[in-house]
1. Mind listing whichever residues of the range D:278-312 are open to solvent by 40 Å² or more (accessible area, probe 1.4 Å), among the polar types (S, T, N, Q) and more than 7 Å from every other protein chain (Cβ to nearest Cβ)?
2. May I ask you to say which residue of A:Phe117, A:Phe136, A:Phe178, A:Phe210 is under 30 Å from B:Trp293 (Cβ atoms) and under 16 Å from the mean Cα position of the chain (by Cα)?
3. For the subset of the range A:345-388 comprising residues that are of a type in the set (Lys, Arg) and closer than 19 Å to A:Ala226 by Cβ, which member is farthest from the chain's Cα centre (by Cα)?
4. From C:Thr141, C:Thr207, which residue is in contact (Cβ under 8 Å) with a residue 40 or more places away in the chain, touching a Pro at 6+ places or on another chain (Cβ under 7 Å) and of a type in the set (Val, Ile, Thr)?
5. What is the one condition in (1) open to solvent by 10 Å² or more (accessible area, probe 1.4 Å); (2) closer than 19 Å to D:Asn287 by Cβ; (3) not hydrophobic (A, V, I, L, M, F, W, C) that A:Asn266 does not satisfy?
6. Please state which of the following conditions C:Gly234 fails to meet, knowing it meets all the rest: (1) more than 8 Å from every other protein chain (Cβ to nearest Cβ); (2) within 28 Å of D:Leu228 (Cα to Cα); (3) of a type in the set (Gly, Ala, Ser).
7. State all residues of the range A:210-232 that are under 16 Å from A:Phe369 (Cα atoms), free of Cβ contacts under 8 Å to residues at least 60 places away in the same chain and open to solvent by 10 Å² or more (accessible area, probe 1.4 Å); if no residue qualifies, say none.
8. Residues of the range A:190-209 being surrounded by fewer than 21 Cβ atoms within 10 Å (Cβ to Cβ) and not in a helix (DSSP H, G or I), which ones?
Protein chains: 4
Amino acid sequence: MNATKAKIRLGMIGGGEGSFIGAVHRIAARIDNEYELVCGAFSSNAEKSLQSGLGLQIDADRCYASFQEMIEKEATLPTEKRMQVVSIVTPNHVHFEPAMLALENGFHVILDKPMTFTLAEAKLLSEKIRETGLLFCLTHTYTGYPMVKQAREIVKSGTLGSIRKIYVEYPQGWLSTFLEQSGHTQASWRTDPARSGIAGSMGDIGTHAFNLAEYVSGLHVTALCADLNIVVQGRKLDDDGAVLLRFNNGATGVLMATQIAAGEENNIKLRVYGERGSIEWKHEDANSLLVKWTDQPAQIYRTGAAYNSSLSNDNTRVPPGHPEGYLEAFANLYRNFANCVQAKMNGKEPEAAWLDFPGAEEGLRGMAFVEAVVASSAAAEKWYELKV
Amino acid sequence: MNATKAKIRLGMIGGGEGSFIGAVHRIAARIDNEYELVCGAFSSNAEKSLQSGLGLQIDADRCYASFQEMIEKEATLPTEKRMQVVSIVTPNHVHFEPAMLALENGFHVILDKPMTFTLAEAKLLSEKIRETGLLFCLTHTYTGYPMVKQAREIVKSGTLGSIRKIYVEYPQGWLSTFLEQSGHTQASWRTDPARSGIAGSMGDIGTHAFNLAEYVSGLHVTALCADLNIVVQGRKLDDDGAVLLRFNNGATGVLMATQIAAGEENNIKLRVYGERGSIEWKHEDANSLLVKWTDQPAQIYRTGAAYNSSLSNDNTRVPPGHPEGYLEAFANLYRNFANCVQAKMNGKEPEAAWLDFPGAEEGLRGMAFVEAVVASSAAAEKWYELKV
Amino acid sequence: MNATKAKIRLGMIGGGEGSFIGAVHRIAARIDNEYELVCGAFSSNAEKSLQSGLGLQIDADRCYASFQEMIEKEATLPTEKRMQVVSIVTPNHVHFEPAMLALENGFHVILDKPMTFTLAEAKLLSEKIRETGLLFCLTHTYTGYPMVKQAREIVKSGTLGSIRKIYVEYPQGWLSTFLEQSGHTQASWRTDPARSGIAGSMGDIGTHAFNLAEYVSGLHVTALCADLNIVVQGRKLDDDGAVLLRFNNGATGVLMATQIAAGEENNIKLRVYGERGSIEWKHEDANSLLVKWTDQPAQIYRTGAAYNSSLSNDNTRVPPGHPEGYLEAFANLYRNFANCVQAKMNGKEPEAAWLDFPGAEEGLRGMAFVEAVVASSAAAEKWYELKV
Amino acid sequence: MNATKAKIRLGMIGGGEGSFIGAVHRIAARIDNEYELVCGAFSSNAEKSLQSGLGLQIDADRCYASFQEMIEKEATLPTEKRMQVVSIVTPNHVHFEPAMLALENGFHVILDKPMTFTLAEAKLLSEKIRETGLLFCLTHTYTGYPMVKQAREIVKSGTLGSIRKIYVEYPQGWLSTFLEQSGHTQASWRTDPARSGIAGSMGDIGTHAFNLAEYVSGLHVTALCADLNIVVQGRKLDDDGAVLLRFNNGATGVLMATQIAAGEENNIKLRVYGERGSIEWKHEDANSLLVKWTDQPAQIYRTGAAYNSSLSNDNTRVPPGHPEGYLEAFANLYRNFANCVQAKMNGKEPEAAWLDFPGAEEGLRGMAFVEAVVASSAAAEKWYELKV
């Protein structure tokens, strides 16, 4: 612990009342004491933004009415006062503009997934990130779990042999009924093509599943065959889908993402099969990692145990058996990002482990996935190439 | 209990040394004391057939050198002595001929799945069953589990609402290496197109998954999109595959069957989602049935509990908490079939519950599934119609 | 498999209509085709015994009106016809007499637990077994499970280090209400001191838990401190109890047995902790064995996997992932006993593995446990010595 | 959300480098943004306290060298600046003095468990709390879990009927070896009678188990029979124990707490059985609550689901299926306490739900438990009365 380390000054775009993910980002930023929330444009409604900010103990003059105002005004503040990182937690259609503007004004960016509204935007944003040299984190939460990181390490070590098969699934049930016109904030924008983009469930949770599969396996999807459905009458975007996958090493896979699986909560699950063994991780039991072998007993790896890789254990806070969950996984992204930001500000190279958070490449691939599944689902041909 | 009921006289074709499924059929036939094994053509090798039969306490003169000999000679025995039911437990290429011959000679037939080598054979065999009016059971074991039956009853009751989504998976790992030329009996024939047919894993276990999904949901697959793979080098038939499904009520689904999932045993699992709730059953925990709801706590149904339907509870033998397994599920098929055979021999109508075993229709649909997945996998078009 | 091996001729005492355990013994005897049930005194009511026997395809003249009649008459039959083994499946107060009589007449005995009505009887019976040199099996079912045997092997191997702590529990809920006067056969005799003995739950299921703990650990209980309760008003015997244990190596433990644990089925569970690791087995997931370590990932051993000891795998019938359950565990006792009987009849030494079934010593210790827990529960002193 | 609510100013005693629980308290205080850590006496070593405080962005002049100094100096600061609540996270022998001093100087107190070094101290401290009218929270973490609260609500509702049996267990394995002289901070003080008190494991984790059982059942232990052991050679305090329990309504129970259960992490588990059903909660799957019934399927309650009581759901932050864990349970104690502190400062009555955190009574009972188990373990008589 560096005794004199100051907190990073954080601003937030979006995340006012009714936001689920805004509150999550704020808790994630607080858990490890690395950030101080100093300003926000919490809503496009000025009064709502102000009230939200005051509730968060933010000075009234740093509760802004728009992201444009926030970025512009913060940029004029003295360096020792102005925000250093901006978190963007708005619906998908308000990802690109604030992210571009923030980068152009010299702010590091944390952005909720999916990266943008379109793949074209994602490309422009990636280019901007590259140009500015600023840091960028895309909050694919599930890669923040210690046991997901351990899974990646095990695959990478080669002990499972070449990867042959990947199953990833993300079943939810909360959109089983036509919630979107009943005042349900989350349902409302996530099912609206004007705010969510060309995909519904595939953009919202399919991208998480896709990212998780690629992160753990270290492979890339090269082609896919998708079947997207609108199950609930009146809905405008897919609320269900399944995708056959081909990976760059010849492995194949299946991705299932649905929001009409009545009774399901949020049990994203990944299985990766190699020649000699396999890993299985599921969100419902996030602190366990099952490793199965062809010729010896299956093993249960557990969060924080001494036998884990440091990549995994550096992302825990309490001893084994004291469960950490979603908020801590999210906090891991924030902490690793903070370490990199601190390093950059101090002119140092970040440690390799700190770089273990999703960024521009993951964002680009996610958007390419979204465009590919929508195109494939509409096509009569079986296979569709996934290209960034 | 009928105090004077005699056992049914059973003959067996196949099931000599090295056979896995032959021994299973015999245990299944013994558990409920409904059958007496009186004869067999346990192998196409006469000496091996004799030795196998003697080991089973069968008279030497009823240990036959071929199924033709057995059926021919048994047919000439006095009615009170000759076999009444024949179990055929040979590899797939020896299903059609003995089944046809048995029916033509007046014997009821129990046949291991898949029904035949080709769909064309299955059609002829179905026609023969219809013509003769004899009884026919196809041993899709998983439908014999009490909790699978309970799942079917719950779906049928309508409390889940219309079915929208079905996931069925059957992961095995035992063919992860090139076993077939190492003297492994099971691997040898199951990967051999000359004995197994046009499909490997899809015929062996994909048909079980397909049958389970249709049995529980009460729906029929109408179209599919398959991706079959030969993962292990040198293998001649698919050892892995995934299939997107469309059902006759508009529901969709995914079927995954693989034998190269390193570390997996035999954990066939089914999830069926309706508008208001869903069921989940997995072989690994076969005596539990999970029922999830959108608005109340999930429930765990358990084998033999008083709240189950009689269809389910009539297929158990011991009180709740005393686990029954694969052999008992298999025995349920045998017992229900026995009840029907007894009724028929006594000129009575069977009770409806006794008819709850897979038969010709399930066999036909299984073969249609096999032909459709193989054709679909080879096709460039996405969807392929499943027709019987 | 020995091609010329004849089945063992089995007689049964008890097990007529309404008996739970009689049916279980018969299925266990059938599963591996080692026995033929040739006679029985299924009830002390002659007509009921006859009807039960006929329903089992037994000749009317070998359906006896009493165990005395059966043993006497069978003893006069030609050796090639008369029964060879007798299974006694009556309530506890009818264990001693028929077992003694059977032994005196030269029959091997399979006896349901607990061994006798009193410890004094158990001593006499043990003496008789020793004198006659006949074989004796006490059906403590749970030691028949392959994963229980594997647990024993692991403890025995020493890899866990010295055993320090043992928890064994057996929670049931079926006696949560006052069933015994509502015509419930099982409840009626199991709660009746005249038929069950001085203990209720402790005799019925506590003895199973005690036996399981001693079997797996290889240790002996030397002293205990018991608290038995009659929870349901009007009941005459304990329906609940907990016992602190001391073992002969200095380890301590806790045994919990209850039949008023509302909602529980039959989930007997054992945990044995050594210096470096521990095992955990529970009936609910009988085909898994959890092995936990201080310094490496926990392992899941699974029934039938190639890495198991032969002692374990010789007690399975189907490949890993095809669950075997309670009836198969029971059948393992019968099969191992059959192997020993066959060896004895052929004048051969049994293989060591065949001797792995509970016998007179386990019976004696179980009765000593029953007497000790009842005495301890009534005592004001904390510790009570367990002596055989 | 109250837009103008200021954070509570928190001071901390203990929790410097090497402290496990100090870091936990700080995260708990941060998660819901209710507290600002403004000062601390993090160590009795002045330099270490300073360095720890600076690392936490605390002003150097509020990093104190001793708790006496901190309380004395803070008490002299202007009311709008001085700390309002003090968290005491020191080893047990440094609980009583700082807590008394804090109360005497007008500070609300959060104290880690067990309450004090002796029961006598606990009585004095309770009296002081009563006298001053200040607020007091004892951090028995497990009562902070939403599903534990739901369990309490279900028991309280009476649907399970009268409670008859309680099993509570807390197995850990981390003291399986003689860690205490190897520089392991936690092991060092927790096994030292001079710092931990008369009990080792029973004080450290037995008190948690005791508190959990009483909290959920709403019952009080009236007598007990304990067997404490020192398993690891050289250790000075119990590292293992089991306790038979009697409750004030006639129910009985068993409490098991051990730190030498090799391979166990921290899986505290509670089962409470009533006449008609039971609840089961375990830390390993903290977001599920199993409710079993005698006559209907078991139910799985899940954190955050709409069907839960508000007492439960008010203690969650994210939607069902996004696991919350140990830190969030801890944060629930801090948040509920904060709500009460805010109410008190504003001269308002707290809402009933905010009072749902452990306090003086729980602390007293815990210390009475510690003294009773130690006395009972040394006694030859079976039962020992638990008196506060």
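The values are calculated or read from the model by the stated rules, or taken from the named source; none is laboratory data. As the structure is a prediction and not an experimental result, all values here were calculated from the model. Note that we place each Cβ from the backbone using ideal geometry, even for glycine, and neighbour counts take in every protein chain shown. For the accessible areas, the whole protein counts, side chains as well, though only heavy atoms, and no ligand, DNA or RNA atoms are used. Shrake-Rupley method; radii C 1.70, N 1.55, O 1.52, S 1.80 Å.
1. Result: D:Ser310, single match.
2. One residue alone meets the criteria, A:Phe210.
3. Only one residue tops the list, namely A:Lys382.
4. C:Thr207
5. If we test A:Asn266 against (1) open to solvent by 10 Å² or more (accessible area, probe 1.4 Å); (2) closer than 19 Å to D:Asn287 by Cβ; (3) not hydrophobic (A, V, I, L, M, F, W, C), just (1) comes out false.
6. (2)
7. A:Leu219
8. A:Asp192, A:Ile198, listed by residue number.
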